[in-house]
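The values are calculated or read from the model by the stated rules, or taken from the named source; none is laboratory data. What you see is a predicted model, and the numbers here were worked out from it, not measured in a lab. Because the Cβ atoms are built from the backbone with ideal geometry, glycine has one as well, and the counts that use them run over all protein chains shown.
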Amino acid sequence: MGPIRYIVYLFPILTIAALLGFFLWYAQTMRAPLAQQLAPLPEKRPFTFAGRRHPLVKKDAIPMVLITIAYAVTAFFNLGSTTAPQNPWDFGDEKSATFAFSEEYLASKLWYFCGLGTGKYQVEISADGVNWLSLWQRKDDPDDSEKVTGYYWADGTGYGASYAMTQNYNQLFKWNEITFDNPQYIRYIRITGQANKGLLELNELALFDENGDRIWLSDSTNPLFDEADTVPETISFENSAYFDEIYHPRTAYEHLRGVEPYEISHPPLGKLIMSVGIALFGMTPFGWRFMGTLFGVAMLPLLYLFLKNLFGRTSIATCGTILLAVDFMHLTQTRLATIDTYAFFFILLMYYFMYRYLTLPDGASFKQCALPLFLSGLFWGIGAASKWTVIYGCTGLVALYFIGLVVKLRRWPEEERHQRAGWTVKILAFSVLVFAVIPAIIYVLSYLPYAAASGDLSLGNLLSEMWENQKYMLSYHNGVTSSHPYSSRWYEWLVNARPILYYMDNSVAGVTTRFAAFLNPVVCWGSLVAMLVCAAQAFRPLWAKLTFFGLSGLGGAASAAWVTGVFDPETDTQTRLLCLVLIVALLALYLVLGWFVSRTFRQSSPIALFILIGYLAQLVPWFFIGRITFAYHYFPSVLFLILALCYVFYTLSKKEEMVPWKPAMYAVTGGAAALYALFYPVLVGITYPSWYGTCILKWFPAWPF
């Protein structure tokens, strides 16, 4: 390809340069004059979250609706097939079935769509109904005796059953292909199942001739051949499960069917939400992806509402909502049928209602406080019953709740002091109810499908099913030590170092289809700097700012040293030394940046503290997790990254008489939207020329394009 391939490096250079220019301009704009820096701090203003409320007004409807509709179009585009085989044949208990065709066909290839259950099949064919051939696996790889290198037909007389056609957990609800080394004429086909446990459902078969063309059977009423219209032209993510869709949609479907669930490493509620789409549209790719994509769309008006409440400006709410709409991970992750979408959604809601509580005026009555607290606790409970990562977010809620409680008690109006003790008792008791009791009830009730599958809906069995699953989940997540080519650590998430590739198809020369989960570079890098600004403005005294940066830097460095094996004697010395030098260098850079922003931004803001606490609550727990992790674990943090960038816009807006801040905000937002358009093919799986990935998208060696 020659020198032209190096053009790809211009994109990150220009993006970083533009963001650096924006933040240097921002620092210069916000920096206090030298005389003010040397002067004593102004009189301390009391810390409080309480402030002016900023409800939606009529003019907010237009941007909120337009952004939501525009995003929905891009999100639902090419989401997945609305058809898939729906009529399974159960081969459990070693059942066997023979199917006859009206004429014989020369078949060179077989596609099969797996339903519920795992196991394997003995497949036999005959041209006359008398002489039968069995399907066998070829294993002639000298380096791996278990590797299947092909399939062939042979007389099985005198041998045991071959069971060559597999139905493993990673083959469910997708089209699988078997190519025959020696094509044969088929008029009769006999299939015998061997289930690992319980069900073994096969949904559909399709045969292909020696040219690879589909054989259209003249009598397609035979079971396993009766849904010919669902057989796709090619096998792809559009008609088959991919990545973790082999777990979560299957389990959602099992809940609908009332059978024992397979995926039990997460609480059930996220899969129950997913099952709504399956109930509406069938067990199809569109059906199992529908609810996640819909929740991804619903996040946008909710975020707009949150931003308007936080900052009171339509322009900031609009740009912040656009930033989420054009974030890469938001699009890719919500289109994937996993439960991470629901975690993000409920974290957004629980923090929004906590903010509504915190900003109530000093001395607000118990009645005024009850509704936002109830809703915050309710959505925390629903979120925790969907995925455990929401529990991390609850640590932030707890911190904000008690900070807010102390502030409210300190700033209680003097003329109403006699009411403070009674209010405190009621609010604490109510908080136990909404943040502990109700979430616990929701969590336990989410296990009703487990109890139903066991045939015992008694309270005792429900509690037993729930408790046993908690022990399993804890053991499972502590024991995940396997490697993965696209795994990454928390410090890599911060800078988009290692996207996770979900899908890749290079079957056609010169073009490729693939998509990955990673952040929009403007959101990732720009918001990371904005979070440093929030950290500096979350505290008022300079010593508090510097203490935060010192402690957080040392904590992050210790975590990085631990997970990279710096302290592990089994890691080779050269690697340990290299990692140590790199960690020390990055720590020094972080401390210098912390000192710079602490000196530059002298002011403090409760909004900045709110954003910082939310972000740390989602990120810091990953410092202490040794199991394999991926970029999508950073997804809930995207909410607070966008809030941080919008906070920077907000602080600029306070100087609107001095600087033209809106063009800068629109430029940042427009840059993010431009990158969204540029990377859209690798976010939704549009086939693109290989040169496009090499010359436009592969900004760094670890980016899989």
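Which of the residues spanning the range 345-397 are of a type in the set (Lys, Arg) and more than 22 Å from the chain's Cα centre (by Cα)? Step through it out loud before you land on a result.
So in the range 345-397, the residues of a type in the set (Lys, Arg) come out as 356, 367, 387.
Of everything in the range 345-397, those that are of a type in the set (Lys, Arg) and more than 22 Å from the chain's Cα centre (by Cα) turn out to be Arg356, Lys367.
None of Tyr304, Tyr253 is in a helix (DSSP H, G or I) and within 14 Å of Ala337 (Cβ to Cβ) except Tyr253. Within this structure, Thr424 fails the test of being in a helix (DSSP H, G or I), touching a helix residue (DSSP H, G or I) at 6+ places or on another chain (Cβ under 6 Å) and among the β-branched types (Val, Ile, Thr). If the condition is being in a helix (DSSP H, G or I) and modelled with pLDDT of 75 or more, then the range 28-58 contributes Gln28, Thr29, Met30, Lys58. The single residue among Leu519, Leu457 that is modelled with pLDDT of 95 or more and touching a helix residue (DSSP H, G or I) at 6+ places or on another chain (Cβ under 9 Å) turns out to be Leu519.
On the basis of being of a type in the set (Phe, Trp, Tyr) and under 29 Å from Val682 (Cα atoms), does Tyr262 make the cut? For Tyr262, the condition - of a type in the set (Phe, Trp, Tyr) and under 29 Å from Val682 (Cα atoms) - is not met. From the list Arg335, Arg250, the one residue that fits, being more than 30 Å from Thr359 (Cα to Cα), touching a strand residue (DSSP E or B) at 6+ places or on another chain (Cβ under 7 Å) and either among the charged types (D, E, K, R) or surrounded by 24 or more Cβ atoms within 10 Å (Cβ to Cβ) (or both), is Arg250. Scan the range 603-614 and give yes if some residue there is within 20 Å of the chain's Cα centre (by Cα) and outside any loop (DSSP other than H, G, I, E, B), otherwise no. Yes - at least one qualifying residue is present in the range 603-614.
Pairing residues of the range 196-207 that are in the same structural domain as Ala97 (by TED's automatic domain parsing) and in a strand (DSSP E or B) with residues that are of a type in the set (Lys, Arg) and surrounded by 24 or more Cβ atoms within 10 Å (Cβ to Cβ), at Cβ distances under 8 Å and at least 6 apart in sequence or on separate chains, gives no pairs at all.
Of all residues in the range 662-694, which are touching a residue at least 40 places away in the same chain (Cβ under 8 Å), part of a helix (DSSP H, G or I) and hydroxyl-bearing (Ser, Thr, Tyr)? Once the filter is applied, which keeps residues that are touching a residue at least 40 places away in the same chain (Cβ under 8 Å), part of a helix (DSSP H, G or I) and hydroxyl-bearing (Ser, Thr, Tyr), the range 662-694 yields Tyr666, Thr669, Tyr676, Ser690, Thr694.
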